[in-house]
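Data block below; observations after.
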Amino acid sequence: CCAPCSGAIIECLLDSGIRPAIFFSNSNIFSPEEYRKRKAEIIRYAAKEGLQVIDDDYDHSSWLEGSPEFAGCGSPDLRTQPERGPRCLQCFRFRLLRAAEYAAANGYDVLATSLASSRWKDLRQVDQAGLWACSRVQGVQFWAQNWRKGGLQERRAQIIREQQFYNQNYCGCEFSLPAGPR
């Protein structure tokens with residue numbers, strides 16, 4: 001995800017001897033300019049830590065429209081749902097499935113997500129989406145982890161200040177904007 005949510009997790013993993021690859025998959029982000037801002041921040045932080053960022057294709061139209069297996073987040077029955085509702089679960093599924101498919105195709109066997117660090121996200125939804133995504137690919141396990149505990153929430157806030165991260169005021173999609181399209 002974005003740098004503000006990832007900073008403390010990356011630091012924790014590095015301190016534990018784990019060097020993650022960062023898969024930036026955020027087709028949910030509206031607008032393309034906002035997407036570029038958020039991507040630039042994670043690239044900047046990853047470069048400081050010597051980590052690789054894999055930039056998934058920005059495909060907002062697929063995120064909105066969906067596919068036979070995936071109900072698009074822009075469908076009329078989802079776009080008006082509140083945060084932490086069914087639209088968020090679909091969004092997590094879309095993004096984590098892309099991450100799991102990339103992981104399987106490129107020799108990674110564990111998938112974790114910084115979505116589990118935000119107090120604005122429903123941790124059960126994040127875990128459900130991660131388990132669902134990894135059940136659809138061979139050889140990738142989902143690492144369900146509450147990245148809010150053990151002082152990580154506080155460290156997250158410190159890193160945001162220390163790194164002077166661009167810190168957005170909405171989750172990313174147009175439907176989460178205070179006066180967003182409905």
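The values are calculated or read from the model by the stated rules, or taken from the named source; none is laboratory data. Computed from a predicted structure; not experimentally measured. Note that we place each Cβ from the backbone using ideal geometry, even for glycine, and neighbour counts take in every protein chain shown. What goes into the accessible areas is simple: the full protein's heavy atoms, side chains included, and nothing from ligands, DNA or RNA. Shrake-Rupley method; radii C 1.70, N 1.55, O 1.52, S 1.80 Å.
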Tell me the relative contact order for the chain as a rounded percent, counting alpha carbon contacts under 8 Å between residues six or more apart.
27 percent
I'd like the accessible area for Asp57, computed on protein heavy atoms only with a 1.4 Å probe and all protein chains in place. Round to 10 Å², please.
110 Å²
Any chance you could run the full-extension gain for Ala21 through Tyr170? It's 0.36 nm times the residue separation minus the Cα-Cα distance, nm to one decimal.
51.1 nm
For the chain, calculated [θ]222 nm from helices alone, where every DSSP H run of n ≥ 4 adds -39500 (n - 2.57):
-15000 deg cm²/dmol
To the nearest 10 square angstrom, how much accessible area does Trp143 have with a 1.4 angstrom probe?
90 Å²
List the lysines whose Cα lies under 16 Å from the Cα of Lys121, skipping any in the same chain that are fewer than 8 positions away.
Lys149
Using the Kyte-Doolittle scale, which helices in the chain average at least -1.0 and also have C-alpha atoms spread 15 Å or more along the helix axis, with helices defined as whole DSSP H runs?
3-15, 86-105, 123-135
Nearest-20 debye value, the chain charge dipole, Cβ charges on Lys, Arg, Asp, Glu
480 debye
7 Å from Cα along Cα→Cβ at both Glu65 and Trp120: what's the point-to-point distance in nm?
2.8 nm
